[in-house]
There are 2 protein chains.
Amino acid sequence: MAMQGNVTIKTVAQETGLSLTTVSRVLNGTAEKYRISEATQAAVLAEAKKQGYIPNMAAKTLRLNKSRTIGLIVPTLNNPFFSLVASTVSKLLYAQGYVVLMSDCANDPEEERKLIKTFLTQNIEGILAIPVGGRKNYELLEKGGVPTVFIDRFFEESKIPYVATDHFDSAFKLMEHLVEHGHTLIACIQGDVQTISNQYRVKGYLEALKKHNIGYSYLKGGSFTTDEGYLETKILLKQSQKPTAIMALSDTILLGALKAIREEGMSIPEDISVVSIDNSSYLDFLSVPITSVSHPITEITQLAIKMLLDQMGANQASAPTNIVLEAKLIARKSVQYIP
Amino acid sequence: MAMQGNVTIKTVAQETGLSLTTVSRVLNGTAEKYRISEATQAAVLAEAKKQGYIPNMAAKTLRLNKSRTIGLIVPTLNNPFFSLVASTVSKLLYAQGYVVLMSDCANDPEEERKLIKTFLTQNIEGILAIPVGGRKNYELLEKGGVPTVFIDRFFEESKIPYVATDHFDSAFKLMEHLVEHGHTLIACIQGDVQTISNQYRVKGYLEALKKHNIGYSYLKGGSFTTDEGYLETKILLKQSQKPTAIMALSDTILLGALKAIREEGMSIPEDISVVSIDNSSYLDFLSVPITSVSHPITEITQLAIKMLLDQMGANQASAPTNIVLEAKLIARKSVQYIP
DNA sequence: CTGAAAGCGCTAACAA
DNA sequence: TTGTTAGCGCTTTCAG
C-alpha cells in the first residue's frame, strides 16, 4: 500500500508513536540486540509494510560512509570475454549484497580516467578493473583511496594487486604447438599494444622464435577487434613470403583473420594453419574448429572478487599476493603437420 | 595533493575563509549566476585542487533527491545480444552524465524481483529493463515509482512503455522465406516461453503455417541457450519424420542446433536448411553462413534511452508511445531450394 | 526496553 | 557579492 509523499522511518515512527531510533533498529535487524519487545517489532514491521517503506541508501551511505557499491571498469562490454567477466562480477557481488556500477569505457583511456573520477564520487567501496590505459589513470587508487583489484591485466610496478592469466605462457604454448607441427613461418596478429596482456603474449611469441632459432617473424596489428584482424590478415596474405601459420592473439582478431583467409580462397589447415587465444565457445562451431588456448576467466574473476572483498575487509592494507593462472591448450583441427 | 581525513566543502571553506555556500556555488558552476568574484572563484578552485576535493554524491543525492543514476536489468550479460545493449546503455548514459547500476539477473525472475527492490533503494532516477519474469515483478514501477522503459521485451497490458522489434514479423519473414524455397516440414526451436519476444516469434511461426495450410508443425525448447538448442535438435533429428528446415528463435539456440546437426553427420543446406533470429556478427564466419533476421538492437537501445530521458524530464506523465521496429531478413547460404 | 539529539556532506531559501 | 541556517534520511552515542 504505497502512500503519497515520501515514506521514511520518520513517517513510520509518527504513525506508530515510536521513536526514530526504535524504528531504525527494528528495520535493521538489530532489534534483538537492543531487546526490543515483540509487540513493538511487529508494530513497526506492519506499519513499514503498510506504508511501503523503502530504505534510502543515499542517507545510509552518507551516515555510515559505506555504500555497498562496487565499481567495475571494462574495456568494452561488447566482447564476449569481457562481458563474461561482467556477468560473473554482477551475479557474485549481488549475492553478497553489493550493487555494481558498471561501465564500458569504449577502449578509451581518456574515458577510463573520467570514469575513475566519477566512481570516486560515488562512495564506492571497491573497484574491479580490466585496465585500458596507462598506469597513470590508476594513480589516485594506488594511493589507497579505494581498494582495487585488476582482472587479467595489470601494471608491473603498481601496488594494485591482480589476478591474471599467464599471457606469456599462453602464446608460448601455441608457438610450441606450431613448432612441433613443423612450422617456422609463423605470423602473429596482435591486439592493443599498450595492454600488458598483449605485451606478454608478444613476448611469448618472440621468445619461442628465439628458442627455436627461427629467423622469420611477422608481427602486426594494434587492436583486439575483428576489423583489425581482417585488415592485417588481408595485408599479410599479400606478402610475397607467406607464413604457414597465423597466431591471432585474441578470438576477436581470429574472426577477422578467418574472413580474410576465406576471401583469399585459402583453406585451413591445408593452405594455412591458424591458432588463437581465448577459446571462445563459438570456436567449436566454426567451419574449421580452431586450436586455441583457454583462459580460466570465470575462475580469475571469482578470485579477483574474493581478493577485493578481502582487501575491503582488511583494516590494515595487508600485502596482497598477485595470482597468475595458467592457460590450457585446446588442440583442434586448424594446425597442419608439416614434415 | 590528497590530504588525510575527509576533504569536504567544509574543509575547503575553512581553509579559504569563505562560507560553505560560496564554495558550493563555485564548485557547482553557479558562480556566474551569483556573481562571485574572479578572485574568490580562483581561491576556491585552487584550494579544492590542493586538498584533492571529491564531491560526495551520497550527500548530493540525499539533499537534491536526484542521483544521476540509472538502473539496467538484463537477463544475462553472457549473451552477445544483451551485452550489446548493456554496452550501448553504459556509453550513452555516461556521456549524459549518468552512472549506471547494471545487473545480470541470471535469467531468474526471482532474482529480477529482488533487483528491482534493491534498485528502488538506490534513489535511482530511471530504469531500463529487458524483463525476464512476469509483469508482477514490475508492479511497483508501474505505479509510477520510477520512470521505466522496456527494451525489446514488454508486457501488453502494462503502462510501462517499450521499444522493441516486431518479433512476430521476424519469425514470419523467415517462414515466408522458407516456404518460398519449397519447405513445408519446418521445425521451430524456441526460447524462454514466458518472454513476449518468444511468444510473438512463435505466433509468427504458427501464423505462417496456417496461412500456407501446412499440416506439419514441431515446436520445442524452452530457453535461449546453446545447450537447449543442442539438446532439442538432437531429439528432433531422431524423429522418424525429419523436417527439411529448422528455425532457431535465437542465435544462441542456433549454435547448439549446428553442433547437433554436425554430430548427426548432416550437411547444411543439402540435408537440412537452417535459419535463425538475431544475425550475430559471427554468423558470417560459420562453416555455412546462416540466413537470419537482423534486429536493429543498437537503434532500439538508443530510442529506449531517449524515451527514458524524456519520461524523466516530463513533470507530468505524458502518455508514452511504444515503438516497434521491423527486422530485416539477411539471406545467406543455409536454405536449400526444394522443387 | 526506548528516546533525544547530533551530525554525515551538501544545497537553497532567506538575509545581508 | 557573500553568509547563515535549516534540513534531506539515517544511525548512534548517551541517557534514561
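Computed from the coordinates by the stated procedures, all read-outs in this text should not be read as laboratory data. Keep in mind it's a predicted model, so treat the numbers as computed, not measured. With ideal geometry, Cβ positions are generated from the backbone for all residues, glycine too; neighbour counts draw on all protein chains shown.
Summary of values
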quantity: For A:GLY144, label point 7 Å along C-beta direction: distances to other copies, nm; calculated: 5.1
quantity: Residue-wise HN-Hα coupling along the stretch B:119-125, computed from phi with Karplus coefficients 6.51, -1.76, 1.60 (Hz; x: Gly, Pro); calculated: 4, 4, 6, 8, 6, 5, 8
quantity: For the stretch A:225-298 and the stretch A:38-100, distance of Cα centres in Å; calculated: 42
quantity: MRE, 222 nm, helices only [DSSP H, n ≥ 4, -39500 (n - 2.57), over chain A, to nearest 500]; calculated: -13000 deg cm²/dmol
quantity: Teacher prompt: A:SER267 distances to equivalent labels in other copies, 7 Å Cα→Cβ, nm; calculated: 1.3
quantity: Stokes-Einstein D (µm²/s) once Rh is taken as the Kirkwood radius of the stretch A:179-236 over alpha-carbon pairs, at 25 °C in 0.890 mPa s; calculated: 204
quantity: Kirkwood-based Rg to Rh ratio, the stretch B:244-339, C-alpha trace; calculated: 1.20
quantity: 10 Å Cβ neighbours from other chains, averaged over peptide B:118-127; calculated: 4
quantity: Semi-axis lengths (Å, descending) of the ellipsoid that matches the C-alpha gyration tensor of the stretch A:35-113; calculated: 39, 15, 10
quantity: Positive minus negative residues near B:LYS91 (Lys, Arg vs Asp, Glu; Cβ under 13 Å); calculated: -3
quantity: Approximate spin-label separation A:SER24-B:GLU207, in nm, with each point projected 7 Å along Cα-to-Cβ; calculated: 5.7
quantity: Paramagnetic label zone (point 7 Å from Cα along Cα-to-C-beta, B:LYS242; backbone N under 15 Å) in the stretch B:164-206; calculated: B:185-187
quantity: Most mobile of A:GLN96, A:GLN14, A:GLN239 in a GNM of chain A (Cα contacts under 10 Å); calculated: A:GLN14
quantity: Relative contact order (%) - the stretch B:4-55, alpha-carbon pairs under 8 angstrom, separation at least six; calculated: 47
quantity: Inter-chain shielding of A:58-70 (mean C-beta neighbours from other protein chains, 10 Å cut-off); calculated: 4
quantity: Phi-based couplings in Hz for the stretch B:281-286 (Karplus 6.51, -1.76, 1.60; Gly and Pro marked x); calculated: 4, 6, 4, 5, 9, 6
quantity: Under 5 Å, built H, 5+ apart or other chain: amide partners of A:SER67; calculated: A:GLU125
quantity: Which of B:ILE290, B:SER267, B:HIS212, positive extreme of dipole for the stretch B:167-295 (C-beta unit charges); calculated: B:HIS212
quantity: Filtered trypsin sites (Lys or Arg not before Pro), the stretch B:52-132: DSSP coil and at most 16 other beta carbons within 10 Å; calculated: B:LYS66
quantity: Projected label distance in nm at A:LYS234 and B:ASN322, using a 7 Å step from Cα toward the beta-carbon; calculated: 4.3
quantity: Neighbourhood net charge (12 Å Cβ-Cβ; Lys/Arg +1, Asp/Glu -1) for B:GLU264; calculated: +3
quantity: Cα pair distances exceeding 16 angstrom across the stretch A:167-295, given as percent; calculated: 56
quantity: Subset of A:LYS117/A:LYS143; A:LYS143/B:LYS49; A:LYS91/A:LYS136; B:LYS91/B:LYS306; A:LYS259/B:LYS259 violating a 24 Å alpha-carbon distance limit; calculated: A:LYS91/A:LYS136
quantity: Under 5 Å, built H, 5+ apart or other chain: amide partners of B:SER223; calculated: B:ASP192
quantity: Semi-axes of the equivalent ellipsoid for the protein assembly as shown, Cα gyration tensor, largest first, Å; calculated: 47, 36, 21
quantity: Most mobile listed residue (B:VAL26, B:VAL149, B:VAL74) in chain B, GNM with C-alpha springs under 10 Å; calculated: B:VAL26
quantity: Phi to ³J(HN,Hα) by Karplus 6.51 cos²θ - 1.76 cosθ + 1.60 over the stretch A:85-97, Hz, x for Gly, Pro; calculated: 4, 4, 4, 5, 4, 4, 5, 5, 6, 4, 4, 8, x
quantity: Relative contact order (%) - the stretch A:167-295, alpha-carbon pairs under 8 angstrom, separation at least six; calculated: 26
quantity: Most mobile of B:VAL100, B:VAL89, B:VAL12 in a GNM of chain B (Cα contacts under 10 Å); calculated: B:VAL12
quantity: Cβ-based net charge around A:VAL100, under 12 Å, with every Lys or Arg adding one and every Asp or Glu removing one; calculated: 0
